[in-house]
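Before any comments, here is the structure.
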Amino acid sequence: MSENTNKNTSKAVRIDAHGGPEQLKLVDVTVGEPGPGEIRIRHKAIGLNYIDIYQRAGLYSLPMPLHLGMEASGVVDAVGAGVTHLQVGDRAAYASQPPGSYCELRVMPAKCVCKLPDAISFETGAAMMLKGLTVQYLLSKTQPQGGLKAGDFVLFHAAAGGVGLIACQWAKAMGLQLIGTAGSDAKCALAKESGAAFTINYAKEDFVARVKEITGGAGVKVVYDSVGKDTFLKSLDCLRPFGLIANFGNASGKVEPLDLGLLASKGSLYATRPTVFTHLATRESTQAMADELFEMVISGKVKIAIDQRFALADVAEAHRSLEARKTTGCTILTL
């Protein structure tokens with residue numbers, strides 16, 4: 001924690017232009033009072049996500065200067081008019097727009113901030129909200145024709161990442177046969193330990209051929225793809241007729257414009273590009289999703305692996321590690 005003496009002064013990470021990790025600057029900011037529908041929260045831990053890199057690099061272009069970060073946990077410090085679900089002193093966690101969680105203290109909209117159950121630590125709360133809520137909407141809401149039932153095959157790329165390891169466990173709890181891809185044998189082993197029924201090291205194997213082999217030539221009902229450009233078209237070949245591809249990230253770059261004729265020729269396929277924030281648009285939806293996530297974590301069905309910790313001042317190093325795919329599980333920034 002910094003040595004700031006003014007209780008409303010905060011260290012915060014800001015960029016003044018899109019670019020590499022060198023753009024990340026730790027600055028002092030003054031934090032005001034919350035307005036109607038807002039709270040002020042003092043952070044205990046901060047989550048790191050690939051969307052932060054997209055925003056820093058300019059893939060998702062936002063006005064400058066920009067304070068980064070989409071999730072954190074902490075203690076409610078002040079409450080604005082009209083906020084009824086939170087009180088000063090509440091333990092809380094969130095995944096929320098606008099960005100700005102890379103800081104000690106901030107004012108933000110209250111609608112996406114949820115009380116954090118006592119059974120969940122601040123570090124776990126910070127690590128799990130964006131990733132866990134992403135898995136919730138993917139597996140519970142982003143489903144193929146006819147839905148998903150126990151025994152169904154699904155393909156999940158980047159299965160050893162923060163979202164992937166949660167998805168492996170959640171899918172196992174649903175009785176799904178999740179086929180997870182990753183870029184090394186060690187990462188494949190991690191996904192398998194977390195509940196993946198099968199794993200594919202795409203650095204060594206053709207994942208399309210392997211998926212067809214695993215499924216007896218039938219293909220999977222749905223592909224969940226956060227890798228993007230490098231995997232999207234091949235993923236279409238992994239789907240059974242009427243299957244769904246859900247592209248929810250761009251780790252390898254944006255997917256090229258899609259010829260809709262491909263969806264016809266490959267079996268009347270469905271394609272979607274969802275985002276968690278559409279699902280978190282209302283207080284009611286956010287709370288319902290969070291309640292399901294909290295239950296999965298408290299029950300032990302989903303364990304949140306925090307494999308990397310960086311001090312807030314070392315955020316540039318954290319970004320470099322994430323971009324280089326050197327991380328597994330979740331990464332947090334500590335205060």
Distance in nm between label sites at Thr275 and Gln287, each 7 Å beyond Cα in the beta-carbon direction?
2.5 nm
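Determine the calculated [θ] at 222 nm for the chain from helices alone, applying -39500 (n - 2.57) to every DSSP H run no shorter than 4 residues and normalising by the residue count; nearest 500 deg cm²/dmol. Let's see the in-between values first.
Values: 10 runs with 97 residues, N = 335.
Counting only the DSSP helices, I get -8500 deg cm²/dmol.
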Whole-Hz couplings from phi, Karplus 6.51/-1.76/1.60, listed for the stretch 297-306; x for Gly and Pro:
6, 5, 6, x, 5, 10, 10, 9, 8, 9
Anyone know which of Arg56, Arg40, Arg283 comes out most mobile in the 10 Å Cα GNM of the chain?
Arg283
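Structure shown: which of Lys187/Lys326; Lys25/Lys187; Lys44/Lys192; Lys221/Lys266; Lys229/Lys266; Lys212/Lys234 lie over 20 Å apart, alpha-carbon to alpha-carbon?
Values: Lys187/Lys326 10 Å; Lys25/Lys187 32 Å; Lys44/Lys192 31 Å; Lys221/Lys266 13 Å; Lys229/Lys266 18 Å; Lys212/Lys234 12 Å.
Too far apart for the 20 Å limit: Lys25/Lys187; Lys44/Lys192.
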Roughly how many debye, to the nearest 20, is the charge dipole of the stretch 143-273 about its Cα centre, given +1 on each Lys and Arg Cβ, -1 on each Asp and Glu Cβ, and no other charges?
200 debye
Euclidean distance of C-alpha centroids, the stretch 189-212 and the stretch 8-57, integer Å:
36 Å
Run the simple label-point estimate for Glu205 and Ser121 please: 7 Å along Cα→C-beta, distance reported in nm.
3.4 nm
For Val227, Val75, Val13, which order do you get if you count the other beta carbons within 10 Å of each Cβ and list the fewest first?
Val75, Val227, Val13
The farthest towards the positive end of the charge dipole of the chain, of the residues Gly132, Val79, Thr331, given +1 on Cβ of Lys and Arg and -1 on Cβ of Asp and Glu, is Gly132
Whole-Hz couplings from phi, Karplus 6.51/-1.76/1.60, listed for the stretch 165-174; x for Gly and Pro
5, 5, 4, 4, 5, 5, 4, 4, 5, 7
From the C-alpha gyration tensor of the stretch 143-273, pull out the three semi-axes of the equivalent ellipsoid (sqrt of 5λ each), sorted largest to smallest, in whole Å.
21, 17, 13
Hey, quick one: spin label on Tyr60, modelled 7 Å out along Cα-Cβ, who in the stretch 249-264 has an amide N within reach, i.e. under 20 Å?
249-257
Any residue on another chain or 5+ positions along whose placed amide H is under 5 Å from the amide H of Leu239 is listed here as Val220
Dividing the alpha-carbon Rg of the stretch 45-92 by 2.2 N^0.38 Å yields what?
1.51
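Using only C-alpha positions, report the orientation-averaged shadow area of the convex hull of the stretch 226-280, nm², one decimal.
Details: hull surface 15.4 nm².
Taking a quarter of the hull surface, the average projection is 3.9 nm².
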How high is the FRET efficiency from Thr30 to Lys141, r the C-beta distance, R0 45 Å, rounded to 0.05?
0.70
The answer for the net charge of residues other than Gly146 whose Cβ lies under 10 angstrom from its Cβ, with Lys and Arg +1 and Asp and Glu -1, is +1
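For every other residue with a beta carbon closer than 12 angstrom to the beta carbon of Asn250, add +1 if it is Lys or Arg and -1 if Asp or Glu, then tell me the sum. Walk me through the numbers before you get to the answer.
Values: positive: Lys229, Lys254, Arg273; negative: Asp225, Asp230, Glu256.
Local charge sum for Asn250: 0.
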In debye, nearest 20: dipole of the chain around its Cα centre with unit charges on the Cβ of K, R (+) and D, E (-)?
440 debye
Considering amide H positions built from the backbone, and no H for Pro or chain starts, which residues 5 or more places from Phe248, or on another chain, come under 5 Å of its amide H?
Asp225, Ser226
What ranking of His67, His85, His319 emerges when the number of other C-beta atoms within 10 Å of each C-beta is taken as an exposure proxy, fewest first?
His85, His67, His319
Expected max-MSF residue from Lys192, Lys204, Lys44 in the GNM of the chain (alpha carbon, under 10 Å) is Lys204
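How big is D, in µm² s⁻¹, for the stretch 1-81 by Stokes-Einstein at 4 °C and 1.567 mPa s if Rh is the Kirkwood radius over C-alpha pairs? Display every interim value, and only then the final one.
On the way: Rh = 14.0 Å.
In µm²/s, the coefficient rounds to 92.
Using only the Cα atoms of the chain, what semi-axes does the equivalent ellipsoid have when each is the square root of 5 times a gyration tensor eigenvalue? Give whole Å, largest first.
Values: eigenvalues 247, 86, 66 Å².
Ellipsoid half-lengths, sorted descending, are 35, 21, 18 Å.
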To make sure I understand, if each residue's beta carbon is the centre and we count other beta carbons within 10 Å, what order do Tyr102, Tyr270 fall in, fewest to most?
Tyr270, Tyr102
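Every read-out reported here was derived from the displayed coordinates using simple, explicitly stated rules and does not represent laboratory data. Quick caveat, the model's predicted, so the values are computed rather than measured. So basically every Cβ, Gly included, is an ideal-geometry build from the backbone, and we count neighbours across all protein chains shown.
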